[in-house]
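Accompanying notes for the structure given below.
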Amino acid sequence: MKKSIFLSFLALAAVAIACSCASCKNTSKSGAASEPDTVALVGPTFSQDSAYAFAAKQCSFGERTMNSKAHDLCGDWIMAKFREFGMKVEAQDAELTGWDGTKLRSRNIIARFRPEQTTRILLCAHWDSRPWADNDPDSTNWHRPVMAANDGASGVAVMLELARLLKSDTALKVGVDFVCFDAEDYGTPQWASVPDDGDSWALGAQYWATHLPKGYEARYGILLDMVGGEGAKFYQEGVSKQYAGEIVNKIWRTASQIGYGSFFPMKDGGMITDDHVPVNEKAGIPCVDVIAFYPDCQQSSFGPTWHTVSDTMEHIDPNVLKAVGQTLVQVLYSE
């Protein structure tokens, strides 16, 4: 998972101004003084152990790099699990072109809970692995693939656990669309001799956003990216605040109210190129990126394992999966 972070004061100030303008018409309903400090849990209990097992299973196939056997087998397994949980599942296949001209056999996986519901929430994550560990501290690893336990498998794992919980649901008032984006992490590597303009990332999300079914709408979307790493905290991402400021407030406020505020600090984390960008800009669906941010990590602000060969299950923390998953349960069942 990439991503370009711009942490200058000018960039953050511009986002703050845009968010203020975009949300001014809604301020009459969102007075902070009326919000309770805590709320009772609603919905089912999110199992961190189940989510951890779903992440481990994805990694058991090996690195899910584009055009690989491991990628194809894992995709089949993900689709089968969503079907097992009662979802209507389809594959959105496409041949996409990578930064180096490679033709990529891409498969976005779409699973729908209660497809008859007109009011829908979009949950999404990418499921492919980066082919190159180009941020590894050891340069001899820069052309090796990444296992992507956190940067890929963790987001899908949280979605699968949510789908498992919804299998026997009778209370949720909205439909849910789970979308596993492919070809997210085939972006231009740091060692390449060509410039990286950002368009080589999130290829599957770009395709999905421009090939929506006629009339498709979602109230909002939540992208899950690197949601299981040790020490992860989720700062408020700038593009999310620009396009979906009210939903950012909803998620972070909910996390605080149910006891996970330490994982979701009320702080800005910068602006990131990720799958939520085409969802916002091309599909027109306000979408929030819940993505780990490590402001004090010298290796990367995405954490010490980002785009390295160390992105393995040994560095996945079930407690982080729980914090994200239970927060999403609360958000969904509060609709």
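The values are calculated or read from the model by the stated rules, or taken from the named source; none is laboratory data. Just so it is clear, the structure is predicted and the values come from calculations on it, not from any experiment. Note: ideal-geometry Cβ built from the backbone for every residue, glycine included; neighbour counts use all protein chains shown. Areas reflect the complete protein model, heavy atoms only, side chains present, ligands, DNA and RNA absent. Shrake-Rupley method; radii C 1.70, N 1.55, O 1.52, S 1.80 Å.
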Considering Asp134, Asp151, Asp100, which residue is more than 28 Å from Ile316 (Cα to Cα) and among the charged types (D, E, K, R)? Asp100
Output the qualifying pairs, or none if there are none: Cβ atoms under 9 angstrom, residues six or more apart or on different chains, first residue in the stretch 166-193 and closer than 26 Å to Val331 by Cα and open to solvent by 60 Å² or more (accessible area, probe 1.4 Å), second residue assigned to a loop (DSSP other than H, G, I, E, B) and of a type in the set (Val, Ile, Thr). Ala171/Val42; Lys173/Thr119
Of Ala70, Ala33, the only residue that is open to solvent by less than 60 Å² (accessible area, probe 1.4 Å) and either under 25 Å from Thr327 (Cβ atoms) or modelled with pLDDT of 95 or more (or both) is Ala70
I'd like the full set of residues that are among the small types (Gly, Ala, Ser), closer than 17 Å to His126 by Cβ and surrounded by fewer than 24 Cβ atoms within 10 Å (Cβ to Cβ), limited to the stretch 270-302. Ala283
Which residues, taken from the stretch 52-64, are in contact (Cβ under 8 Å) with a residue 60 or more places away in the chain and surrounded by 19 or more Cβ atoms within 10 Å (Cβ to Cβ)? Tyr52, Phe54, Ala55, Gln58, Cys59, Glu63, Arg64
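Is the stretch 315-327 home to any residue that is closer than 15 Å to Tyr220 by Cβ, touching a residue at least 12 places away in the same chain (Cβ under 8 Å) and open to solvent by less than 30 Å² (accessible area, probe 1.4 Å)?
First, the residues of the stretch 315-327 that are closer than 15 Å to Tyr220 by Cβ: 327.
Now narrow it down to the ones that are touching a residue at least 12 places away in the same chain (Cβ under 8 Å): 327.
From the residues that got through so far, the ones that are open to solvent by less than 30 Å² (accessible area, probe 1.4 Å) too are 327.
Within the stretch 315-327 (the criterion being closer than 15 Å to Tyr220 by Cβ, touching a residue at least 12 places away in the same chain (Cβ under 8 Å) and open to solvent by less than 30 Å² (accessible area, probe 1.4 Å)), the answer is yes, since at least one residue qualifies.
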Residue within the stretch 203-211 that is under 17 Å from Arg120 (Cα atoms) and of a type in the set (A, V, I, L, M, F, W, C) present: yes
Return the residues of the stretch 85-96 that are in contact (Cβ under 8 Å) with a residue 40 or more places away in the chain and more than 19 Å from the chain's Cα centre (by Cα); say none if nothing qualifies. Phe85, Gly86, Met87, Ala94, Leu96
Identify, by number, the condition in (1) modelled with pLDDT of 95 or more; (2) farther than 21 Å from Gln330 by Cα; (3) within 20 Å of the chain's Cα centre (by Cα) that Asp49 doesn't meet. (2)
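Among residues belonging to the stretch 227-267 that are among the hydroxyl-bearing types (Ser, Thr, Tyr) and over 10 Å from Ala323 (Cβ atoms), point out the one that is most open to solvent (accessible area, probe 1.4 Å). It would help to see each step written out before you state the result.
Let us first name the residues in the stretch 227-267 that are among the hydroxyl-bearing types (Ser, Thr, Tyr), namely 235, 240, 243, 254, 256, 260, 262.
Subset that is over 10 Å from Ala323 (Cβ atoms): 235, 240, 243, 254, 256.
Working: Tyr235: 29, Ser240: 1, Tyr243: 90, Thr254: 15, Ser256: 59 Å².
Of everything passing the filter in the stretch 227-267, Tyr243 is most open to solvent (accessible area, probe 1.4 Å).
Name the single residue that is farthest from Tyr186 (Cα to Cα) among those in the stretch 36-51 being of a type in the set (A, V, I, L, M, F, W, C) and touching a residue at least 24 places away in the same chain (Cβ under 8 Å).
As a first pass, look at the stretch 36-51 and keep what is of a type in the set (A, V, I, L, M, F, W, C): 39-42, 46, 51.
Still in the list and also touching a residue at least 24 places away in the same chain (Cβ under 8 Å): 39, 41-42, 46, 51.
Values: Val39: 41, Leu41: 39, Val42: 38, Phe46: 31, Ala51: 25 Å.
The extreme case among them is Val39.
Given the residues Trp142, Trp127, which is the only one that is among the hydrophobic types (A, V, I, L, M, F, W, C) and open to solvent by 20 Å² or more (accessible area, probe 1.4 Å)? Working first, answer last.
Numbers: Trp127 fails: open to solvent by 20 Å² or more (accessible area, probe 1.4 Å).
Going through Trp142, Trp127 in turn, the sole match is Trp142.
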